[in-house]
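Here's the structure, in structure tokens; my notes come after.
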Amino acid sequence: MLEAIIWNADPVLLSFGPLTVRWYGLAFAIGFIVGYNIVARMFKHEGAPEKWLGILLMYVMVATIVGARLGHVFFYEWDYYSAHQAEILKIWNGGLASHGGTIAIIIAVFIFSWCVSKKPASWTFDKLVIPTALVACLIRLGNLMNSEIYGAHTDLPWGFIFVRNGETLPAHPTQIYEAGCYLLLFFILMWMYWKKNCEERPWLITGVFFIGIFLPRFLIEYVKNVQVSSEYEMIARYGMNIGQMLSIPFVLLGVGLVVWAMVHPKEHWSFPDKFAEEIDSHHNKK
């Protein structure tokens, strides 16, 4: 029988005087770099203007950080932050919520679609969500390196003892559970796009993404530790915590998008190379 894993990873990868490089930040950066290249291949594959990609990346980066931070502030610890508003800006102290980041990204993509691409939002979403699944996986691995967001005590042989947090009993490594689910989802979405041409059914890839992200999140929450004390009352009353309640609408949205995509005819979005050249020529004349 396997023994529990002693986990005491240093969350700091490198230090240069006052400057530190943390595993969590590195995971975030790698996710954005890899994601950028994946979406770039999709843009090139469909002949879309390359300049759109940099604009989209800027929108998504700002939305992810601001949305995830505000999501944590408003959904989880508003009582504290309402009395310590200066602390909201101290993002380096931790406190990001994936649900808030998701909502902000949705808003950002709609703005991008209205103001930049002039295409239905589904065209952007069905590409963007694919690397987002990989980013979610990497972020959970960053949580593992921080020894945070882990589960309740377990007798299972793969339990982790998070020594850095003073734990002496093995706990569910829920970060690995979620990371594994999100990595599997990433490969499924890549297969749907590159092998099955599912982008021809608007919203299908996005719908599968929402189900694949938030259904595992909902289920894994049952073995995860309570993150903030205010959740105890909610669990006692509803049998669910905040993360689970926030996940339900996204799962239902995902199911709705999959059904919508399957009952509507296929569409093919093409951008001839000359279109991109005309865009460049127009801007050069200016």
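The values are calculated or read from the model by the stated rules, or taken from the named source; none is laboratory data. This one's a predicted model, so the numbers in the text were calculated from it and none came from an experiment. Here Cβ is always computed from backbone atoms with ideal geometry, including for glycine, and neighbour counts include all displayed protein chains. Surface areas here come from the heavy atoms of the whole protein model, side chains and all, with no ligands, DNA or RNA. Shrake-Rupley method; radii C 1.70, N 1.55, O 1.52, S 1.80 Å.
Would you check if there is a residue in region 9-21 being buried (at least 18 other Cβ atoms within 10 Å of the Cβ) and not polar (S, T, N, Q)? The answer is no; no qualifying residue exists.
Condition (residue is part of a loop (DSSP other than H, G, I, E, B) and either at negative phi or open to solvent by 50 Å² or more (accessible area, probe 1.4 Å) (or both)) applied to region 132-144: is it met by at least one residue? No, region 132-144 contains no residue that is part of a loop (DSSP other than H, G, I, E, B) and either at negative phi or open to solvent by 50 Å² or more (accessible area, probe 1.4 Å) (or both). The residue list Ala83, Ala40 contains one member that is surrounded by fewer than 17 Cβ atoms within 10 Å (Cβ to Cβ), small (Gly, Ala, Ser) and touching a residue at least 12 places away in the same chain (Cβ under 8 Å), which is Ala40. In the set (1) surrounded by fewer than 18 Cβ atoms within 10 Å (Cβ to Cβ); (2) aliphatic (A, V, I, L, M); (3) in a helix (DSSP H, G or I), Ile220 fails one condition alone, (1). Limited to region 227-250, what total is found for residues that are surrounded by 15 or more Cβ atoms within 10 Å (Cβ to Cβ) and either outside any helix (DSSP H, G or I) or touching a Gly at 6+ places or on another chain (Cβ under 8 Å) (or both)? Final tally of qualifying residues: 5. Taken over region 96-127, the residue count meeting the criterion of being of a type outside the set (A, V, I, L, M) and without any contact (Cβ under 8 Å) to a residue 40 or more places away in the chain is 7. From the list Ile111, Ile176, the one residue that fits, being open to solvent by 40 Å² or more (accessible area, probe 1.4 Å), under 19 Å from Lys51 (Cα atoms) and either in contact with a helix residue (DSSP H, G or I) (Cβ under 9 Å, 6 or more places away or on another chain) or part of a helix (DSSP H, G or I) (or both), is Ile111.
For every residue, the table says whether it meets (1) under 19 Å from the mean Cα position of the chain (by Cα); (2) surrounded by 14 or more Cβ atoms within 10 Å (Cβ to Cβ).
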site: Phe32; (1), (2): yes, yes
site: His45; (1), (2): no, no
site: Pro49; (1), (2): no, yes
site: His72; (1), (2): yes, yes
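Could you please tell me which pairs satisfy a Cβ distance under 9 Å, a separation of 6+ or placement on different chains, a first residue in region 230-243 that is of a type in the set (Phe, Trp, Tyr), and a second residue that is assigned to a helix (DSSP H, G or I)? Taking only residues 6 or more apart or on different chains, the pairs are Tyr238/Gln244; Tyr238/Met245. Against the list (1) closer than 19 Å to Gln244 by Cβ; (2) touching a strand residue (DSSP E or B) at 6+ places or on another chain (Cβ under 6 Å), the condition Tyr177 fails is (2). Report yes if some residue within region 130-144 is in contact with a strand residue (DSSP E or B) (Cβ under 9 Å, 6 or more places away or on another chain), over 19 Å from Val66 (Cα atoms) and touching a residue at least 12 places away in the same chain (Cβ under 8 Å); otherwise report no. The answer is yes; a qualifying residue exists.
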